[in-house]
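Contents: one structure, followed by commentary.
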């Protein structure tokens, strides 16, 4: 169990996502999403990254970004053979509402939604979140909280698509090569998330 300050930090990162990191890795994120959607294959991913790296770069930041994204895609290709989506189909949902938790709007924003059928043919869903920061790998504890937020977001915002499968709510840490599923037991974690949001709301009433 994460201590209170650590839990609050995890939620704050969802409440106030780092736009710099998001922009830095966007070419890698979109390439991985396109691959999972079946729009490009492994060769297509490599060709896209080669074009990005070999392009004219107006700044050192742009050049470092291109190389960083290429590195991220190569790391993903290493882990991809071990990625099990449980036979579910990835779909892109362009827009996501924020998740209101204890008076705080939390930015969950799954990169992909997973859709499938259970053994009785009933629709089931999940959600995938890609984690990129190379210097801040996702810890098991943090992944449990993020996975739980994915699960609750799917439950509260996408219930019309089907029943949520907790194993299909997953965090993919690209650079560490880890895929972490939302835990089966979520009540304590959700209680911790709600408590952290309550602390944030008290600290920043306009959050």
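The values are calculated or read from the model by the stated rules, or taken from the named source; none is laboratory data. Model, not experiment: these values are computed from the prediction. Every residue, glycine among them, receives a Cβ derived from its backbone with ideal geometry; neighbour counts consider all protein chains shown.
For the reader, a short list of remarks on this structure follows.
- Count of residues meeting criterion [in contact with a helix residue (DSSP H, G or I) (Cβ under 8 Å, 6 or more places away or on another chain) and either assigned to a helix (DSSP H, G or I) or over 22 Å from residue 191 (Cβ atoms) (or both)] in segment 132-153: 11
- When the residues of segment 92-104 are filtered to those that are touching a strand residue (DSSP E or B) at 6+ places or on another chain (Cβ under 9 Å) and not in a loop (DSSP other than H, G, I, E, B), the one that is surrounded by the fewest Cβ atoms within 10 Å (Cβ to Cβ) is 100.
- Enumeration of residues in segment 35-49 that are in a helix (DSSP H, G or I), out of contact with any helix residue (DSSP H, G or I) (no Cβ under 8 Å at 6 or more places or on another chain) and free of Cβ contacts under 8 Å to residues at least 40 places away in the same chain: 43, 47
- Some residue of segment 77-91 being exposed (fewer than 14 other Cβ atoms within 10 Å of the Cβ), in contact with a helix residue (DSSP H, G or I) (Cβ under 9 Å, 6 or more places away or on another chain), modelled with pLDDT of 95 or more and under 20 Å from residue 159 (Cα atoms): yes
- Qualifying positions in segment 132-164 - farther than 21 Å from residue 95 by Cβ and surrounded by 20 or more Cβ atoms within 10 Å (Cβ to Cβ): 132, 138, 142, 143, 144, 145, 147, 148
- Scanning segment 18-54 for residues that are loosely packed, with under 13 Cβ neighbours inside 10 Å and either in contact with a strand residue (DSSP E or B) (Cβ under 6 Å, 6 or more places away or on another chain) or at pLDDT below 95 (or both) returns 18, 19, 20, 22, 23.
- Test: residue in segment 181-199 that is within 21 Å of residue 118 (Cα to Cα) and outside any loop (DSSP other than H, G, I, E, B): yes
- Residue match in segment 106-122 (condition: in contact with a helix residue (DSSP H, G or I) (Cβ under 8 Å, 6 or more places away or on another chain), at pLDDT 95 or above, more than 30 Å from residue 203 (Cβ to Cβ) and surrounded by fewer than 16 Cβ atoms within 10 Å (Cβ to Cβ)): no
- Options 79, 85; residue that is within 18 Å of residue 34 (Cβ to Cβ), under 21 Å from the mean Cα position of the chain (by Cα) and in a loop (DSSP other than H, G, I, E, B): 85
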